[in-house]
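The values are calculated or read from the model by the stated rules, or taken from the named source; none is laboratory data. The model shown is predicted, which means the values in this text are computed figures rather than measured ones. Neighbour counts run over all protein chains shown; Cβ positions are idealised from the backbone, glycine included. The area values use the complete protein model at the heavy-atom level, side chains included, leaving out ligands, DNA and RNA. Shrake-Rupley method; radii C 1.70, N 1.55, O 1.52, S 1.80 Å.
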Amino acid sequence: VIGEGKPENQNHAVIFARGAHLQTLDMNQDNYMGEAYKMRNLLDSFKSDGVVLVGFPETIFSETHGAVAQFAAIAEFIFQTFQRLMTWPLMVRFHYGHPDVWDKAFTMTNGGVSKASRALHVAEDLFGGVNAVARGGKVIFEEFIECGKGRDMGFTSVNGFEQKISGSSGTISMSRDLYR
C-alpha cells in the first residue's frame, strides 16, 4: 500500500465489483430495508445525460448517546445541509463521502473514487468528485433516499473529525486539482 489504506482499498476494489454502478459505504453505515427498495429508483438518475455520481443524505442514528453525540450529529447535519444548498445555485457539490453511487465505467477510466495521499488530500473523498467534474462528469444529489450512519461519540473522536473537516478545507484550497 503506497497511500492511505481506505482510499487505496476503495480504488483497488473497483475492478472486482460487478455491475454498472458502485456504492461507496463506510463500515459504520447501515441501510434500512425500506430505503434499500428505493435503490432502483436512485439508479434511474444515471439515465440523465452525463451523470457519473449520485449523492444522497445520511442520518446519524447514534445521536441519542449523550451531549457530545448530539453535538456531532447537529454539526454533521449542518454540513450536509450546507452542501445541499450549494448544489444547485453554484453547482459545486462534489463527493463528500458516503453513501454516494458512482458510474463504474467512468470511475475505472478516470482516476477512481478517491485520492490516496494523506498529506495532500485530507478529504480524500471530495477529490473523487472534483476529479469527476473536472473530467466532464455531472454530480447530482437526491433526497428521496437516505442511509443511516453511526459515529464514534467520544469527545476525542468527535474533536478529531472536526479537525479533519477544518484541515481538509485548507488542503482543498491549496490543491492543484481545483485549478484544472
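Structure summary
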item: Members of the range 90-113 found to be among the polar types (S, T, N, Q) and either at pLDDT below 65 or open to solvent by less than 20 Å² (accessible area, probe 1.4 Å) (or both), listed by number; result: THR107
item: Residue among THR87, THR59 that is modelled with pLDDT of 75 or more and touching a Lys or Arg at 6+ places or on another chain (Cβ under 9 Å); result: THR59
item: In the range 134-163, residue modelled with the lowest pLDDT [restricted to those that are over 14 Å from the mean Cα position of the chain (by Cα) and β-branched (Val, Ile, Thr)]; result: VAL158
